[in-house]
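Written out below as structure tokens is the structure these notes cover.
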């Protein structure tokens with residue numbers, strides 16, 4: 001409060017409002033880069049759209065295809081914050097990004113997190129890349145994302161000619177996770193963080209846990225920016241978002257209080273001498289009318 005009073009006294013109301021605005025929106029200036037890599041057709045584009053709560057046909061939506069659609073690193077910003085960016089990387093071993101030159105072309109040290117994506121067990125190029133990242137960038141936030149889990153469940157149902165019982169569904173998901181883990185352990189990749197997802201139904205499997213992990217693993221300075229940028233809010237993220245918004249209430253309320261005081265003073269200053277000599281109830285009525293008119297004017301400006 002003392003700092004706000006100092007700015008108001010030394011620089012005026014507009015400078016104070018700018019200070020409030022800069023503080024309240026500082027999270028939008030934080031840069032966060034998340035890399036997604038994997039072979040053609042594993043569902044990177046669908047996962048990118050799901051993480052941003054978008055569809056392919058939306059403006060800025062990632063295009064989905066079974067052929068190689070990623071020729072070079074491609075950025076996809078969150079709608080709520082263009083500084084939080086998911087980078088769709090070409091897979092290892094593509095003509096433009098051969099294995100022997102991959103790490104030279106893709107600078108993984110620039111990313112806050114790296115997601116290796118596969119729709120089956122993780123293959124040779126996936127495990128090779130994970131090994132290289134772990135050795136060269138030991139502090140990297142490396143996650144393994146197993147997509148299209150719903151297809152595995154559907155094939156199982158078709159093979160047995162019936163709907164899965166909940167316990168069977170859980171057992172099958174555990175089998176998929178264990179299979180991925182065993183495959184990675186064989187390649188000397190231990191303590192792998194594996195997430196099963198359905199990019200078209202984000203309330204299923206581990207999608208919410210993946211979002212929470214992306215939040216948890218960014219630095220504390222970037223955490224609020226990551227949370228406030230998420231429009232696809234799962235149950236795992238709701239509590240974090242509430243915590244951040246509650247922490248912002250005091251600052252936003254203070255800015256509103258100063259703005260209200262200034263508006264009231266301005267209204268009092270424009271009350272005519274005749275109105276000042278009127279009864280207190282009449283002055284209150286006049287002020288209320290002017291406040292309402294001002295609100296209506298502001299609404300019209302916002303709408304039109």
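The values are calculated or read from the model by the stated rules, or taken from the named source; none is laboratory data. Treat the numbers as computed from the prediction; the structure is a model and nothing was measured. Because the Cβ atoms are built from the backbone with ideal geometry, glycine has one as well, and the counts that use them run over all protein chains shown.
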Query raised in the report: How many residues are in a loop (DSSP other than H, G, I, E, B), within 20 Å of the chain's Cα centre (by Cα) and surrounded by fewer than 21 Cβ atoms within 10 Å (Cβ to Cβ) when one looks only at the range 106-122?
Result: 1
Query - Of residues in the range 32-57 being in a loop (DSSP other than H, G, I, E, B) and in contact with a helix residue (DSSP H, G or I) (Cβ under 8 Å, 6 or more places away or on another chain), the one nearest to residue 217 (Cα to Cα) - result: 38
Requested in this report: Report yes if some residue within the range 128-135 is in the same structural domain as residue 86 (by TED's automatic domain parsing), within 19 Å of residue 87 (Cβ to Cβ) and assigned to a loop (DSSP other than H, G, I, E, B); otherwise report no.
Outcome: no
Query - Within the range 182-196, tally of residues that are surrounded by 18 or more Cβ atoms within 10 Å (Cβ to Cβ) and modelled with pLDDT under 95 - result: 4
Report task. Sort out which residues of the range 86-105 are surrounded by fewer than 21 Cβ atoms within 10 Å (Cβ to Cβ) and either touching a strand residue (DSSP E or B) at 6+ places or on another chain (Cβ under 9 Å) or in contact (Cβ under 8 Å) with a residue 24 or more places away in the chain (or both), and write them in order of number. Result -> 87, 93, 94, 96, 99, 103, 105
Report task. Report, by residue number, each residue of the range 137-155 that is exposed (fewer than 14 other Cβ atoms within 10 Å of the Cβ) and modelled with pLDDT under 90. Result -> 138, 139
Requested in this report: For residue 68, state whether it is assigned by TED's automatic domain parsing to the domain that holds residue 214, more than 17 Å from residue 116 (Cα to Cα) and either part of a loop (DSSP other than H, G, I, E, B) or modelled with pLDDT under 75 (or both).
Outcome: no
